[in-house]
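J.: Structure below; questions to follow.
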Amino acid sequence: QTADNLQDRSLHITADAMTSERDSSFVAFTGNAVATSQDDVIHADAIKIFIYTEDERKKLSKTDEQNIKEIIATGNVTFTSQDQKAFADKAVYTTSTLVLTLTGDAPRVITGESFVTGKKITLFRSNGKVVVESGKDQRVEALFNPADKKKNKEGE
Amino acid sequence: MKRKINTPKRVRIVLVLLLFFLTAGIGGLYYKQRFFSGDLVLKKISVDSKATLLLNKMHQTSTRNSIKEWTLDASSAKLLKDENKAQMTDVRVVFFTDNAKEIHLSSTNGLLDTKTHDMSFSDNVVVTYDQYTLKTAELHYDKKRHILYSNVHISIMDKESILEADTMETDLDKNTTRLRGNVKGTFSETFNFFNGMGSDS
């Protein structure tokens, strides 16, 4: 049994190094870290996997067997999912809400030729909604290319 | 006139003769075996000049502050005279963790430093803990630093997940595990990183 033939399992990670500290309830993958789950891929300098603590586990519903609470990627973060691509300094993915939050200097989401940028971008993976927030010194900026809409229609 | 020998004297003579013949017979047998069998040839004796002692079925227990840390069993152990080392085969070790759990280790070869209690295991090293299994070709236990480490490829797996890397170090006091080099893992949602790391002691 090797990592390659378990490719379709829920979370696949590669990195240069990994550190797990029991008392801190997270596992850190550092150095060219790549996390893949079905179609979603995150590249970053470091990816931390946060595990539910015993107390948090008790609050979860019985049917939820998920051990992973949150995935935090930092440093040169790239997130790709099918035709969507995002860039940020930091990305936080919460498994219970399926929400991916991008922050940093100028997080940006690109779909085809269109893009949107701001201070904070929230992607709701469950319904595809995207919320972009501005900051004191960072207004929301967006470019929508009609060609992308036509392409999406042809694609559907 | 011929003197008649009375009965007690006759019995004594017969006993003396019997004793004489018995002694002669045993002596003859001894000399015959000595002369005809030729020099005694000792065949296939290998003298291991380095070994002080060769044990079969060795068992050892290590305790720290009167708490049992580990027990060790081996089908054979050769104590090396000057090196304070015991070379073992078919090794099975049980480490006892702080929270009363056990980590089981087995390997084809083992080397125990009888002075420092450091240990090295090689060839088909398998460590099991809860439902997790670690496999590698070499694994070392440094008693002073209380760490387990391997400088060759290791894999840690359970039924649905697997984690591989070039090297590993587990600090048994700090409950920390570090993997380095080509870290690759595939995890099911239920994989518990900490139990999987065996650093629950």
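The values are calculated or read from the model by the stated rules, or taken from the named source; none is laboratory data. These figures come from a predicted structure and were not determined experimentally. Methodologically, a virtual Cβ is constructed for each residue, glycine included, from the backbone with ideal geometry; neighbour enumeration extends over all protein chains shown. Quick note on the areas: whole protein, heavy atoms, side chains included, nothing else; ligands and nucleic acids left out. Shrake-Rupley method; radii C 1.70, N 1.55, O 1.52, S 1.80 Å.
J.: How much accessible area is lost when chains A and B come together, counting both sides, with a 1.4 Å probe, in Å² rounded to the nearest 100?
T.: Its buried surface, counting both partners, is about 2600 Å².
J.: What do you reckon, how do A:Arg108, B:Arg145 stack up by accessible area (1.4 Å probe), largest on top?
T.: Solvent-accessible surface, decreasing: B:Arg145, A:Arg108.
J.: Could you state how much accessible area B:Asp98 has, in square angstrom rounded to the nearest 10, with a 1.4 Å probe and all protein chains kept in place?
T.: B:Asp98 has an accessible surface of roughly 140 Å² with all protein chains in place.
J.: Quick one: compute the contact order of chain A, relative version, from alpha carbon pairs under 8 angstrom and 6+ residues apart, as a percent.
T.: Computed value for chain A: 12 percent relative contact order.
J.: Can you sort B:Asp90, A:Asp23 by solvent-accessible area, 1.4 Å probe, largest first?
T.: Listed by decreasing accessible area, they come as A:Asp23, B:Asp90.
J.: Structure shown: which of A:Lys69/A:Lys90; A:Lys59/B:Lys101; B:Lys85/B:Lys143; A:Lys90/A:Lys129; A:Lys48/B:Lys184; B:Lys159/B:Lys184 lie over 23 Å apart, alpha-carbon to alpha-carbon?
T.: Going by Cα-Cα distance, A:Lys59/B:Lys101 fall outside the 23 Å limit.
J.: Right, another one. For region B:130-182, what class follows from the C-alpha gyration tensor (a ≥ b ≥ c being the square roots of its eigenvalues): rounded when a/c is under 1.5, otherwise prolate if a/b is larger than b/c, else oblate?
T.: Because a/c hits 1.5 or more and a/b exceeds b/c, region B:130-182 counts as prolate.
J.: With every protein chain left in place, what is the accessible area of B:Glu83 in Å² (1.4 Å probe, nearest 10)?
T.: Roughly 80 Å² of B:Glu83 is accessible to a 1.4 Å probe.
J.: Taking Cα atoms of region B:44-186, Rg/Rh with Kirkwood Rh, to two decimals?
T.: 1.00
J.: Helix-only estimate, please: 222 nm mean residue ellipticity of chain A, summing -39500 (n - 2.57) across DSSP H runs of length 4 or more and dividing by its residues, to the nearest 500.
T.: -2500 deg cm²/dmol
J.: Got a sec? Charge dipole of region A:26-156, +1 on Cβ for Lys and Arg, -1 for Asp and Glu; which of A:Ala91, A:Asn76, A:Ser37 is way out at the positive end?
T.: Positive-end residue among those listed: A:Ala91.
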